[in-house]
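All remarks here apply to the structure that follows.
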Amino acid sequence: MTPCFHTTSMHNSGEGRLCRCSRHLTKKSCPSRTHEGPSPPHSHVLTDHRCILLIALGTEAAMAGFRVKYTLATKLVNELVETADEKQLSKTIARYGRVDLLCIDELGYMELDRHGAELMFQVLTEREENKAIAIASNESFGGWTKTFTDPRLCTAIVDRLTFNGTIIETGTDSYRLAHARSKAGRSADT
């Protein structure tokens, strides 16, 4: 099995604006709009083809007028855990439920504890069959048991994401590894 990119269908509602930084694709302006030019001030470097595909999908959706939110899987779970501790979980889940497209990147890189996985499940359930979700992962669905350690919860999450969804397999080759090899090859030639 190869890593995959997942997306579900979208319904058009409302007008959206695209922030030039392409990491914050909601109707509001990016909170770090102090930058100019094509290089965003964010520390996340876009070198992974799954990540690039996810951001391109979100960018196109935002340009078409959809409300889009991009987040890393670990950042989403951390935010959910923190708001659960502050008794603000329902507001946070509702906020993630309002955007037309939720882009979750880097799912499968880190193991989630049971509580974090359950909170992510709540967000996915809130969006189920109403709003679109796009996920970039370095793991096939079979490998998600390393991220979601409860097999029943993992099965439920995969079931919700794949029902009426589209799966785009991008292959197993690492862009970073291929780039490093080509750079090393050019150095050896000189």
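Tabulated values for the structure
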item: Among the candidates 186, 176, 114, residue that is closer than 26 Å to residue 95 by Cα and either at pLDDT below 80 or loosely packed, with under 15 Cβ neighbours inside 10 Å (or both); result: 114
item: Checking residue 84 against (1) modelled with pLDDT of 50 or more; (2) under 16 Å from the mean Cα position of the chain (by Cα); (3) surrounded by 18 or more Cβ atoms within 10 Å (Cβ to Cβ), the condition it does not meet; result: (2)
item: Number of positions in the range 98-119 that are under 22 Å from residue 53 (Cα atoms) and in contact with a helix residue (DSSP H, G or I) (Cβ under 8 Å, 6 or more places away or on another chain); result: 11
item: Residue 167 being at pLDDT 90 or above and surrounded by 10 or more Cβ atoms within 10 Å (Cβ to Cβ); result: no
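The values are calculated or read from the model by the stated rules, or taken from the named source; none is laboratory data. Computed from a prediction, not measured in an experiment: that's the story for all the values here. Note: ideal-geometry Cβ built from the backbone for every residue, glycine included; neighbour counts use all protein chains shown.
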